[in-house]
Amino acid sequence: MSLLQIKNLHVEIDGKKILNGLDLTIEKGTVHAIMGPNGSGKSTLAYVLAGKADYEVTEGDVLLDGRSILDMAPDERAAKGLFLAFQYPVEIPGVATMTFLRTAVNAQRKKRGEGEYSTPDFLKKVREAAAKLEIDPDMLKRSVNVGFSGGEKKRAEILQMTMFEPRLAVLDETDSGLDIDALKVVSEGVNRLRSPERAFLVITHYQRLLDHIVPDVVHVMSRGRIVKTGGKELALELEARGYAQYAEAAE
């Protein structure tokens, strides 16, 4: 069975059509990349998967492990194993990063009927994961993303993903604003999580991220649907030739 199936998905926001009959199937153990110009609907797809409010699904369905998630609240989707890394991670003043991580991870485990981590076990796990992402331990004491650089915010999100151990991780332009060193650290964090039971959907404008997180499948999105699918070489073609040739395919 496929991990994720998106069937004929139509989405509007404030009456404006954004997604127009999008179809996508993602198998366990694979990395899919979606590339496309601004306004093609890439981030809308990520938000709809995560359950963000104001996005109205007018037709179609989204199945995770064969079950529709469209009526699930965002926290239910998270407990089912869905994770979204934002293009612009939000700040949460007054909530320490470590406190946020422990509360969120244990809430997910409780919702799945699993035991909560003890304090010593959690501290050990999060410190090991943070060290691999070159995150300063003092950063874990600071409020979530408050005063963080762009690279620190993205590393903090990959730390969240590492702790949550999702079934499906959606990365929405996670390379945005990263220098090459931060990009490598973030990509290595993602690659460490690749497994036969987990899949990734990587949304990006640029080939450079896909040099580090090598996809199994690349999709081109234009005007709210996927118009071309291929292997990793498709990303190189897009880098060289741009998206103009695919705009007509979406007509």
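Once divided by 2.2 N^0.38 Å, the Cα radius of gyration of the stretch 1-138 becomes 1.22. Computed from label points 7 Å out along Cα-Cβ, the spacing between residue 208 and residue 53 is 3.7 nm. One chain, two ends: residue 127 and residue 71. Fully extended at 0.36 nm per residue, the span grows by 16.6 nm beyond their Cα-Cα distance.
Would the stretch 82-205 count as rounded, prolate or oblate if I go by the C-alpha gyration tensor, calling it rounded below 1.5 in a/c and otherwise prolate when a/b exceeds b/c, oblate otherwise? It comes out oblate by the Cα gyration axes. For the chain, the Kirkwood estimate of hydrodynamic radius, built from reciprocal distances between every pair of different alpha carbons, is 18.7 Å. Looking at the chain alone, DSSP beta bridges between its own residues are antiparallel in about 60 percent of cases. For the stretch 1-58, the alpha carbon convex hull comes to 84 Å³ per residue, rounded to a whole number.
Around the amide H of residue 228, modelled in the peptide plane, lie the amide H atoms of 220, all under 5 Å away and 5 or more residues distant in sequence or on another chain.
Every read-out reported here was derived from the displayed coordinates using simple, explicitly stated rules and does not represent laboratory data. Note that the structure is a prediction, hence the values are computed from the model and not measured. Don't worry about glycine lacking a Cβ; one is built from the backbone with ideal geometry, like all the others, and counts go over all protein chains shown.
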